[in-house]
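Down below is the structure, laid out as structure tokens.
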Amino acid sequence: MNPTLAGILFIGSLVLALALVYRPFGGYMYRVYTGTGHLAPEKFIYRLIGVKADSEQRWGTYVRSILAFSLVSVLLLYGLQRLQDKLLFNLGFDPVVDHVAWNTAISFVTNTNWQAYSGESTMGYLVQMAGLAVQNFVSAAVGMSVAIALVRGFARSKTDLLGNFWVDLVRGTVRILLPIAFVGALVLVAGGLIQNFNGIQTVATLAGGEQSITGGPVASQEVIKELGTNGGGFYNANSAHPFENTTSWTNWFEIFLILVIPFTLTRTFGLMVKDKRQGYAILAVMATLAIASVTLVNLAEISHNGTVPQAVGAATEGKEVRFGVSNSATFGAATTLTSTGAVNSFHDSYTALGGGMLMFNMMLGEVAPGGVGAGLYGMLILAVIAVFVAGLMVGRTPEYLGKRIGAREIKFAALYFLVTPALVLIGTAAAMASPEQRASMLNTGPHGFSEVLYAFTSAANNNGSAFAGITVNTPWYDTALGLAMVFGRFLPIIFVLALAGSLAAQQPVPVSAGTLPTYRPQFVGLVVGVTVILVALTYLPALALGPLAEGIR
Amino acid sequence: MRMNSWIRQHLAALRALLVLTVLLGVAYPAAVWAVARVPGLNHKAEGSLISVDGKTVGSEIIGQSFTDAEGNPLKQYFQSRPSAAGAGYDPLSTAASNLGPEDVLDTLPIPGAKDDEGNPDEGKQSLLTQVCARSKAIGELEGVDGGRPYCTQDGVGAVLKVFPDRAVSVNQACPATPFVAAYQGRPVECGKPGEDYASGRTVPIRGNIKAVVPPDAVTASGSGLDPHITPAYAELQAPRVATARGMDVGKVRELIAEHTVTRTLGFMGEPAVNVLELNLALDRAKAGS
């Protein structure tokens, strides 16, 4: 079979698999978040935590619970890293340096998983398992909670209650993430991923040299790293490492895990607002953008423009033989369209336009389909902006799902949208203005600029992948990118929940002849257009200095 | 009162985190570990280690270097891809090169100059020159033409810095003869180490050579531990390995075919040859004959 056809079938089979699980899994998540009963282990957990599971929270309390949970998470994770030398299974590693430990703690709590360290030589097994991997679960569950709370804002009326954060957190973790992770981890072990506590074994190689074979509880961490769209690799090489991604089918399975929750949550959304068509419309927007992006990244990599790829004859630098160019490009697109940031090939060595497209994926705000939860709430914000734009065109007060998008609502949506571009562009400008920070670039010229732009785009959008040539384990970058991650995660969450609070309080507007139907292809086109145009207007000047300058002659 | 509720909230958060840490950070990975002990999974969970005569020689899924202490290829073994992991195939520092598609300008070493630690200045090779140099070396090893587009005969990137009155082949250190004598009427000079050519326009020259050495042979993988090479690169190496071992090349090709993984279900991934397994099979074949 020719490689292009194989690549198309690879993408097609992913689409098919996602379509098959869409309805049952979306319905399952709907029942998880709307059911009134508690499972026995959940009741036990609520008792240990000391929360009343049946009382609901106003938006302000919901936000404060998230912030409190995230704060103690950052502190615990920072502490674990700093005290690593006193912990079990530390492999003899020293405590993690303070600025790296802070950056890493922020990075995992915000679902970014930007890594300013090299896993195999920095983090012991206990920090990886009980620190980093725990955040892989709970930061994902936090994202889903926020999305569900926003949907409740649309679905409910004349109430100030949005649900209980602790219940949403525990249910998302115990009923959704954990069971899939457990089964998925064993599937990955069957594919060749490791799950052991063997430490580092030195072996004599065939050629008479020595090689240090690493160990670790990798499979259990790899599965949640993809499923929770986290992306922080056990090893520096991330999902390119054979112990993290052994075969072409584990590669397929990992991409499936990345995409399954973000896409399927649109079904849960449709069920919660009692209009499945609304869910399909949001799904259609996500799918349109995703398919276009996957296609463009594949085209760029397969046509391998650029001096070095032309000299080589294929864009194979930084890519593994077992995956090949096309499947690597598909993984790269999936990881940047979501907030994952795991990589099975190294984006810095992608062709200029292929790498630029990966950056553009993140700049879309990671909404197609985006991170777990974060993708859905990001896309709903864009839908709100789209109905607002449409409302301006026809001169009517915009409505979405029966809720009026008034001045207060559109302000929250606009603030949400402006946070990340501000962080990305100001951060990049600050770095480029200083000779010391410019020195961190590995490549020179436009590609070096792309490394910096990519870093801030990735941090502010909570992605975590990198043009990894850049040296970022310096105090300046650790701090600056850490701040970008914090603000890029929590400011939008605050605006989303504030919006949810204000929507929930409204009385629904009855549908009239003048209501814009938000489930027709016309609306899908409108949201796609608004998204692409807004993002293009925001970032085009920056992109022109980096990937476009490099890729267009 | 406000302070109290603030503290209460954070204590609840801390308790929640600790409970979830025990569940997700200890019980869950331990449970996966325990189930992965079952026969069939255990070997893989332990790292797919391979032993020869009772001694572990590596992992089926982690690539190795097949070079001597100086880094020269051992002719009796199939060679792996170039690796950016440490000194090559070092699982303690897995990495890609991270060099970009337009990384074409070398920093030439300045003869006699020393770096901060007193070692001689080695300059810095661009990705293009690395590709060209590997291609040339492989060509010599396998007895084929190692030339590639955008590469000079002497195995560096064919790149000019063009000025109004002259052009410089910046990757060819003087006294090398530039790969072209003239560019659009301008004379072409060799590159002087230490000279700043930044103001010139960068023009890579393609030439009209068609590459024989396959792409994976001249590029580093993402992990630096790629256990595979393409069937094309294995085929290129087969005659040399057969000669070095005094084996029939047909037998070597049979072993390549045996150790080639095809696409899963016919469409996932690309065909790949596991180098360590192939080399072990060669050793066994020799021992058996």
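The values are calculated or read from the model by the stated rules, or taken from the named source; none is laboratory data. What you see is a predicted model; the values in this text were computed from it and never measured. We place every Cβ from the backbone using ideal geometry, glycine too, and count neighbours over all the protein chains shown. Accessible surface is based on the protein model in full, side chains and every heavy atom, while ligands, DNA and RNA are left aside. Shrake-Rupley method; radii C 1.70, N 1.55, O 1.52, S 1.80 Å.
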20 Å reach of a label modelled at B:Q184, 7 Å along Cα-to-Cβ, counting backbone N of the stretch B:81-105:
B:104-105
Once you compute Rg and the Kirkwood Rh from C-alpha atoms, what is the Rg to Rh ratio for the stretch A:384-552?
1.08
Put simply, what bits of the stretch B:81-109 lose 50 Å² or more of accessible area when the other protein chains are there, versus the chain on its own (1.4 Å probe)?
B:P91, B:L92, B:T94, B:N98, B:P101, B:E102
For the stretch A:244-385, the percent of accessible surface on carbon and sulfur atoms (probe 1.4 angstrom, ligands and nucleic acids excluded) is 73 percent
Under the 7 Å Cα-to-Cβ spin-label approximation, B:L265 and B:T177 lie apart by a distance in nanometres of 5.7 nm
Counting only protein heavy atoms, what percent of the accessible surface of chain B is carbon or sulfur at a 1.4 Å probe?
56 percent
Chain pair A, B: total accessible area buried, heavy atoms, 1.4 Å probe, Å²
7900 Å²
Taking r as the C-beta separation of A:T202 and B:A34 and R0 as 35 Å, the FRET efficiency to the nearest 0.05 is 0.85
On a C-alpha basis, how far is the centre of the stretch A:225-271 from the centre of the stretch B:39-80 in Å? Whole number, if you could?
28 Å
With 10 Å bins from zero, work out the P(r) of the stretch A:356-409 over every alpha carbon pair and list the percent per bin.
24, 40, 28, 8
May I ask you to derive the relative contact order of chain A, considering only C-alpha pairs under 8 Å and at least 6 residues apart, and to give it as an integer percent?
20 percent
Please work out the C-alpha center-to-center distance from the stretch A:515-530 to the stretch A:304-371 and express it in whole Å.
30 Å
For the protein assembly as shown, evaluate the Debye formula with one uniform point scatterer on each Cα (no solvent term) and list log10 I(q)/I(0) at q = 0.04, 0.05, 0.06, 0.08 Å⁻¹, rounded to two decimals.
-0.17, -0.27, -0.39, -0.69
What is the distance, in nm, between label points placed 7 Å from the Cα along the Cα-to-Cβ direction at B:I110 and at A:W476?
2.4 nm
Which residues, if any, in the stretch B:214-234 have at least 40 Å² less accessible area in the whole protein complex than in the isolated chain, probe 1.4 Å?
B:P215, B:T219, B:G222, B:S223
Inter-label distance for B:D165 and B:D68, nm, one decimal - labels placed 7 Å from Cα along Cα-to-Cβ:
5.1 nm
Chain B, relative contact order in percent, only Cα pairs under 8 angstrom and at least six apart counted:
18 percent
Mind pulling the angle between the C-alpha long axis of helix B:2-20 and the longest principal axis of chain B? Nearest 10 degrees, somewhere in 0 to 90.
80 degrees
Over all viewing directions the Cα convex hull of chain B casts an average projected area in nm² of 26.3 nm²
Please report the relative contact order for the stretch A:1-128, taking Cα pairs under 8 Å with a sequence separation of at least 6, and give it as a percent rounded to a whole number.
19 percent
Euclidean distance of C-alpha centroids, the stretch A:106-144 and the stretch B:185-245, integer Å:
38 Å
So what's the convex hull volume per residue for the Cα atoms of the stretch A:118-197, in Å³?
123 Å³
Can you give the Rg and Dmax of the stretch B:1-118 based on its C-alpha atoms, in angstrom?
25.5, 79
Accessible area of chain A divided out per residue, in Å², using a probe of 1.4 angstrom:
31 Å²
Those residues of the stretch A:93-131 for which accessible area with every protein chain present is at least 50 Å² below the isolated value (1.4 Å probe)
A:E120
Cα-Cα over 29 Å: which of A:K276/A:K319; B:K75/B:K161; A:K319/B:K75; A:K86/B:K55; B:K136/B:K161?
A:K276/A:K319; B:K75/B:K161; A:K86/B:K55
Given a Förster distance of 35 angstrom, what is the FRET efficiency for A:D85 paired with A:L48, based on the Cβ-Cβ distance and rounded to 0.05?
0.75
Can you figure out the FRET efficiency of A:L20 with A:T159, using R₀ = 35 Å and their beta-carbon distance, to the nearest 0.05?
0.45
